[in-house]
Ligand SMILES: [Zn+2]
């Protein structure tokens, strides 16, 4: 059986090799590739993508999994081998349920939809993408149907990003969170807005980059096994345990833009860098779910990177780099500026307090669209109306409304958004546990040291990769299922200090 297990691993490594080659091509495409390479690159990525899919759904892998199953059941549930068989079986079943012909057609459609959206958004022309979005909705429903029976049609789509989560669990968590959040946001936004003009002085790119690199290195991002490059839409990519890269973009008139997105991506990357090297090239060798992944980017970006303790150490260093820009700005004023709360139109620019309301709105629309309760043609109007109810402002156009996010125009409808809010909830839950283990973490952060927190995260979360599902990880770490209380407590503590709540 050991031999068969090694045979399976060898096959899985080959699949991973091809997938990682696709990732390198993708990374290159979004960082350094000249525009002239676009057409050939699209073809190369499609070919390799198809090859890795074909290799993975090879019946030989299915046979090995069948043969190994009885052996797997004799192993301790907690062993790496048992987990490898469990997770590979889950991936294999998921991949083999969807006919390759459907996938090919769907990907082709998505590529076209993305192209049209990329023009329709700046032109503020929803009618241009509407027919494509209608087809995407149809494809999304058909994709879900391959996984019938399900409790709710969105469940299989959620599963692909946040395995084990269901419409019912997510909706329950979200409505509980909403009840708590709305009064907090109301209380904050009824007070005068924080002055964040200090973040919009001229911040030369070179200095921003040097500061960002200093910070993420101190947090624990390993440049021996990573690098930072420039792109339009920041992302993290993993080629191997020894090569996890981050990207960012600079706006010389917005200090927070590059800084917080660099720290955000470093959070994703530290998770990937912390996974056991032995899992490299296998289905266990990546983060376990969209929600848990996002919890790590948010931990470093928000809980650490937007904390008073962090800036107690780093603000003098920032001031030394930008003496003219920050000359008359106190630590307190800077801290208020980076934590400004306002009802704004765009999700990606939203602050910690209002961000989740943006996500809930999208999640509810995904459900309504998939259930057939909302037609694509009625989306812009429904969006604006719901936005007015939730935020008290009416989007002036679709560009700042239902056209703003790429997700539905470059992927399926369903499963794309819940991970962001789950990530926020999980980040506070994990951080709470880290504090229980090491109450001195905030004092360490004040010294510009992050070893205790980083070490705790590697030990309890990162090293396991996909060995445990999100639900298992949460249960192991906190002793109970996912709860919103730590997140609400975190927000209340933070914002009652900033505003008189
Ligand atoms: Zn992220």
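The values are calculated or read from the model by the stated rules, or taken from the named source; none is laboratory data. Not measured: the values here are computed from a predicted model. We place every Cβ from the backbone using ideal geometry, glycine too, and count neighbours over all the protein chains shown.
Could you look through segment 272-287, keep only residues that are part of a helix (DSSP H, G or I) and touching a strand residue (DSSP E or B) at 6+ places or on another chain (Cβ under 7 Å), and pick out the one that is farthest from the ligand (Cβ to nearest atom)?
273
Would you point out which residue out of 101, 111, 82 is over 26 Å from the mean Cα position of the chain (by Cα) and farther than 23 Å from residue 285 by Cβ?
101
Quick one: residue 226 ticks every box in (1) touching a strand residue (DSSP E or B) at 6+ places or on another chain (Cβ under 7 Å); (2) under 22 Å from residue 307 (Cα atoms) except a single one, so which number is it?
Of everything listed in (1) touching a strand residue (DSSP E or B) at 6+ places or on another chain (Cβ under 7 Å); (2) under 22 Å from residue 307 (Cα atoms), residue 226 misses just condition (2).
Looking only at helices (runs of 4 or more DSSP H) that lie completely in segment 290-403, which have at least 2 residues being touching a helix residue (DSSP H, G or I) at 6+ places or on another chain (Cβ under 6 Å) and over 30 Å from residue 449 (Cβ atoms)?
Once the helices (runs of 4 or more DSSP H) in segment 290-403 are filtered for at least 2 residues that are touching a helix residue (DSSP H, G or I) at 6+ places or on another chain (Cβ under 6 Å) and over 30 Å from residue 449 (Cβ atoms), what remains is 355-371, 379-391.
Any chance segment 243-254 includes a residue that's away from the ligand (no atom under 16 Å from the Cβ), in a loop (DSSP other than H, G, I, E, B), under 23 Å from residue 424 (Cα atoms) and in contact with a helix residue (DSSP H, G or I) (Cβ under 8 Å, 6 or more places away or on another chain)?
Scanning segment 243-254, I find no residue that is away from the ligand (no atom under 16 Å from the Cβ), in a loop (DSSP other than H, G, I, E, B), under 23 Å from residue 424 (Cα atoms) and in contact with a helix residue (DSSP H, G or I) (Cβ under 8 Å, 6 or more places away or on another chain), so the answer is no.
Of the residues 471, 416, which single one is out of contact with any helix residue (DSSP H, G or I) (no Cβ under 9 Å at 6 or more places or on another chain) and either more than 16 Å from the ligand (Cβ to nearest atom) or more than 23 Å from residue 81 (Cα to Cα) (or both)?
Of the residues listed, the single one that is out of contact with any helix residue (DSSP H, G or I) (no Cβ under 9 Å at 6 or more places or on another chain) and either more than 16 Å from the ligand (Cβ to nearest atom) or more than 23 Å from residue 81 (Cα to Cα) (or both) is 471.
Residue check, residue 221 against (1) more than 15 Å from the ligand (Cβ to nearest atom); (2) buried (at least 21 other Cβ atoms within 10 Å of the Cβ); (3) part of a loop (DSSP other than H, G, I, E, B), all met but one. Which one?
Exception for residue 221: condition (1).
Does any residue of segment 294-308 turn out to be farther than 17 Å from residue 463 by Cα, away from the ligand (no atom under 16 Å from the Cβ) and at pLDDT 95 or above?
yes
Residue 342 is checked against (1) within 19 Å of residue 494 (Cβ to Cβ); (2) surrounded by fewer than 21 Cβ atoms within 10 Å (Cβ to Cβ); (3) more than 16 Å from the ligand (Cβ to nearest atom); (4) at pLDDT 95 or above and fails just one. What number does that condition carry?
Going through (1) within 19 Å of residue 494 (Cβ to Cβ); (2) surrounded by fewer than 21 Cβ atoms within 10 Å (Cβ to Cβ); (3) more than 16 Å from the ligand (Cβ to nearest atom); (4) at pLDDT 95 or above one by one, residue 342 breaks only (4).
Could you list, ordered by first residue, the pairs with Cβ atoms under 7 Å in which the first is in segment 396-422 and within 22 Å of residue 167 (Cβ to Cβ) and free of Cβ contacts under 8 Å to residues at least 60 places away in the same chain and the second is within 16 Å of the ligand (Cβ to nearest atom) and not in a loop (DSSP other than H, G, I, E, B), at least 6 apart or interchain?
Filtered contacts from segment 396-422: 405/347; 417/359; 417/362.
Touching a residue at least 40 places away in the same chain (Cβ under 8 Å), crowded, with 19+ Cβ neighbours inside 10 Å and either in contact with a strand residue (DSSP E or B) (Cβ under 7 Å, 6 or more places away or on another chain) or on the phi > 0 side of the Ramachandran plot (or both), is that true of residue 465?
yes
Based on what the data block shows, is residue 136 under 29 Å from residue 467 (Cβ atoms), modelled with pLDDT of 95 or more and crowded, with 20+ Cβ neighbours inside 10 Å?
no
Across segment 96-131, which residue is modelled with the lowest pLDDT among those that are exposed (fewer than 15 other Cβ atoms within 10 Å of the Cβ) and under 30 Å from residue 70 (Cα atoms)?
Filtering first and then ranking leaves 100.
What residue, of 269, 290, is within 20 Å of residue 161 (Cα to Cα), at pLDDT 95 or above, within 16 Å of the ligand (Cβ to nearest atom) and surrounded by fewer than 24 Cβ atoms within 10 Å (Cβ to Cβ)?
The unique qualifying residue is 290.
Among the residues of segment 224-235, how many are within 21 Å of residue 455 (Cβ to Cβ) and in a strand (DSSP E or B)?
Qualifying residue count, segment 224-235: 0.
So which residues in segment 164-201 are outside any helix (DSSP H, G or I), out of contact with any helix residue (DSSP H, G or I) (no Cβ under 7 Å at 6 or more places or on another chain) and in contact (Cβ under 8 Å) with a residue 60 or more places away in the chain?
191, 193
Quickly run through segment 369-385 and pick out the residues that are surrounded by fewer than 16 Cβ atoms within 10 Å (Cβ to Cβ) and touching a residue at least 12 places away in the same chain (Cβ under 8 Å).
371, 377, listed by residue number.
Among the residues of segment 1-57, how many are in contact (Cβ under 8 Å) with a residue 60 or more places away in the chain, out of contact with any helix residue (DSSP H, G or I) (no Cβ under 9 Å at 6 or more places or on another chain) and outside any helix (DSSP H, G or I)?
Residues in segment 1-57 being in contact (Cβ under 8 Å) with a residue 60 or more places away in the chain, out of contact with any helix residue (DSSP H, G or I) (no Cβ under 9 Å at 6 or more places or on another chain) and outside any helix (DSSP H, G or I): 1 in total.
Of everything in segment 227-242, what is more than 16 Å from the ligand (Cβ to nearest atom) and free of Cβ contacts under 8 Å to residues at least 60 places away in the same chain? Give them in sequence order.
227, 241, 242
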